[in-house]
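Remarks on the structure that follows.
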Amino acid sequence: MKKNEKLSTEEKVIAAAFKEFAEHGYAGARVDAIAERAKINKAMIYYYFKSKESLYERILKDITDNIYRQVKESAVAEGEPLDVFYSIINRYFKILGSFDRNIFRIMLREIASGGKHFRKVAIPNLVVPVLSLIEPVYKSGVGKGVLRELNPYYTFLQIIGGIIFFNVIKVPMEGSVLEKTVLKENYIDEYMKNLFSILKDGIEVKSRGR
C-alpha cells in the first residue's frame, strides 16, 4: 500500500471517529459505526489504531497539540509581558472560536464521564505545558510592576475557563432569544474588547491618578 493511500484511509477513520465520539462519547461510540461512517472494513481501524481507546486518544492528542502549538507561538514572542500575556489569551480565543463545535461536544462528554482520557492526554500535553509558558510571562509582568501579584495558574485557568464556556454555550444560544443580543455582528471582537476591559481593571497594576 502506498503512503498516500495509507494516510487517506487513516484520515477517513479519524474523521468518522471524530463524529462518532462527538455524538456518543467514548463509552457509547462503536467501532462498527465508525467503520460504517468511514465506509471501510472494521479490520482496517484496528490495523491503524489497534483499539478504540488508542483512536480516541489520537483524536484528543491532535486537538491538544494543535492548541498548544499555536499558543506557544504567542508565548515565545518578543515583547512586553503584558502584551505577550494578552496575545496568548487572544490567540486562545481565536483558536477555540475556529473549532468545529463537535470538539466541544467531545470535551464535554469526556469531562462528564470522569475525564480519564483528558487526564492522560490533555493534562500532560496541553494544560501543564501552557501553564509552564504562562508562569514566567506573568511573573515577569509582576516584576515589572504592570501585573498584580496573583496566582498565575488560577488567573489563566479562570480566564480560559470563561472563554471555553462562552464557546460551548454559543451552540444552544443559536436560535434562542439571546442570539440577536449576544451573537450579534462582530460579537467576537466585542467579546474580546469586553474581556480585556475587565482584565485591565482586574489584573493590571493601576497607575497613580487612576
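Taking segment 98-210 as the region of interest, the helices (runs of 4 or more DSSP H) fully inside it that hold 1 or more residues being closer than 30 Å to HIS24 by Cα and touching a residue at least 40 places away in the same chain (Cβ under 8 Å) are 101-112, 128-143, 152-173, 187-202.
Has segment 80-90 got any residue that is part of a helix (DSSP H, G or I), within 13 Å of the chain's Cα centre (by Cα) and farther than 24 Å from SER197 by Cα? Even if it seems obvious, please write down each step before you answer.
Step one: of segment 80-90, the residues part of a helix (DSSP H, G or I) are 81-90.
Filter again for within 13 Å of the chain's Cα centre (by Cα), leaving 88-90.
Now restrict to residues that are farther than 24 Å from SER197 by Cα: none.
No; the residues of segment 80-90 include none that is part of a helix (DSSP H, G or I), within 13 Å of the chain's Cα centre (by Cα) and farther than 24 Å from SER197 by Cα.
Please find, among ASP189, ASP83, the residue that is at pLDDT below 90, surrounded by fewer than 18 Cβ atoms within 10 Å (Cβ to Cβ) and among the charged types (D, E, K, R).
From the options ASP189, ASP83, the qualifying one is ASP189.
For segment 124-168, the set of residues classified as in contact with a strand residue (DSSP E or B) (Cβ under 8 Å, 6 or more places away or on another chain) and surrounded by fewer than 16 Cβ atoms within 10 Å (Cβ to Cβ) consists of ARG148 only.
Among the residues of segment 33-77, the ones that are closer than 17 Å to ASN125 by Cα, loosely packed, with under 15 Cβ neighbours inside 10 Å and hydroxyl-bearing (Ser, Thr, Tyr) come to 1 in all. Taken across segment 101-123, residues that are modelled with pLDDT under 90, outside the structural domain of GLY28 (by TED's automatic domain parsing), farther than 26 Å from GLU23 by Cβ and surrounded by fewer than 14 Cβ atoms within 10 Å (Cβ to Cβ) do not occur at all. Within this structure, LEU7 fails the test of being modelled with pLDDT of 95 or more, aliphatic (A, V, I, L, M) and either in a helix (DSSP H, G or I) or under 30 Å from VAL130 (Cα atoms) (or both). The set of residues in segment 29-79 being assigned to a helix (DSSP H, G or I) and within 30 Å of LYS144 (Cα to Cα) consists of ILE67, TYR68, ARG69, GLN70, VAL71, LYS72, GLU73, SER74, ALA75.
If you scan segment 68-107, which residues turn out to be in contact with a Lys or Arg (Cβ under 7 Å, 6 or more places away or on another chain) and within 22 Å of LYS200 (Cβ to Cβ)? VAL71, SER74, PRO81 - these are the residues of segment 68-107 that are in contact with a Lys or Arg (Cβ under 7 Å, 6 or more places away or on another chain) and within 22 Å of LYS200 (Cβ to Cβ).
The values are calculated or read from the model by the stated rules, or taken from the named source; none is laboratory data. Since the model is a prediction, treat every value here as computed from it, not as a measurement. Here the Cβ is made from the backbone with ideal geometry for all residues, glycine too, and neighbour counts use every protein chain on show.
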